[in-house]
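Novice: Shown below is the structure under consideration.
Read the figures in this text as sums done on the coordinates, not as results from a lab. As the structure is a prediction and not an experimental result, all values here were calculated from the model. In this analysis, Cβ positions are derived from the backbone assuming ideal geometry, glycine residues included, and neighbour counts consider all displayed protein chains.
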Amino acid sequence: MGNLRRLQVLALQNNSFSGPVPANISNCFNLFLLDIGFNFLVGEIPPKLGGLSKVQYFVLQHNNITGEIPPSLGNLTSLQAFALSYNNLVGSIPTSLDALNKLTFFSVAMNNLSGTIPPSIFNMSTLLTFFSIGQNQIQGSLPTNLGKSFPRLQFFLITLNLFTGYSPHSISNATDLWTFQVQGNRLTGQVPDLQKLHNLGRFNIEASQLGMSKYGDLSFLSGLSNAKMLESLILSDNNFGGTLPTSISNLTTKFEELQIEGNQLHGSIPAEIVDLVYLKTLTLGRNNL
């Protein structure tokens, strides 16, 4: 493989290839697409692959790759897509990846990564639209400027990690946001104002520690009347108190799923909820309604 010096595209995805990732791919210095995802590759990512200076798509997802993410991959400064999800990678996300300033897609979900994310990673690319690190063991807090550093963000997926602290208020600056999934972390405090998120479709903060167990915890719902694409709100198993606001009826007619079970809500279910004519799932159990 390494003798194919003019090779520009190597797409071997969705096959049954096994064995280690060939280190001699690094000799294909004209490569701009490397996709060997959805195979049965094992072993570690060869650090030499960091020499592929022209590669724009680096896709090794859905294999059995082990070891750490080589810091040398930070040299792939032409990268637009970085996909290592569904492997067995360990260690932390290297600081060197903050040099990937053309990146639009970043996914390392479903591994065994740990430690904290270097703050500079959250500033690596203003072009980023997809950020997925879910189902690892990553800890720390989310930066307050998240929505400003990722202004084009559409998908933010950090499900089932160990994040603590507040949900950043700046998320409202990411006005293209479609999916926000932070469930299964240890986030606390109030949910920020979501009024500017006109494109929001799915919002999942289940099994966190959000809310203050008091009236007004769900006031952020009133801002979602502007989200004309909204389909799903999952707020279960948090600390939301107060009542279910009548503004729930102002949600888009496309709205299909509302889950708020396992909180501390009281009062009655607003009669206006009947206006949600496309609602398919409504869970309000384990409250004080």
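Novice: For Ile248, are the conditions met, namely being crowded, with 19+ Cβ neighbours inside 10 Å, within 21 Å of Phe163 (Cβ to Cβ) and of a type in the set (Val, Ile, Thr)?
Specialist: When the stated conditions are applied, Ile248 does not pass them.
Novice: Another question, then. Which one is surrounded by the fewest Cβ atoms within 10 Å (Cβ to Cβ), of the residues in the range 14-60 that are β-branched (Val, Ile, Thr) and part of a loop (DSSP other than H, G, I, E, B)?
Specialist: Selected residue: Val21.
Novice: Could I ask something else about it? Please give the number of the condition Ala174 fails out of (1) surrounded by 18 or more Cβ atoms within 10 Å (Cβ to Cβ); (2) in contact with a Ser or Thr (Cβ under 9 Å, 6 or more places away or on another chain); (3) not charged (D, E, K, R).
Specialist: With (1) surrounded by 18 or more Cβ atoms within 10 Å (Cβ to Cβ); (2) in contact with a Ser or Thr (Cβ under 9 Å, 6 or more places away or on another chain); (3) not charged (D, E, K, R) applied to Ala174, the lone miss is (2).
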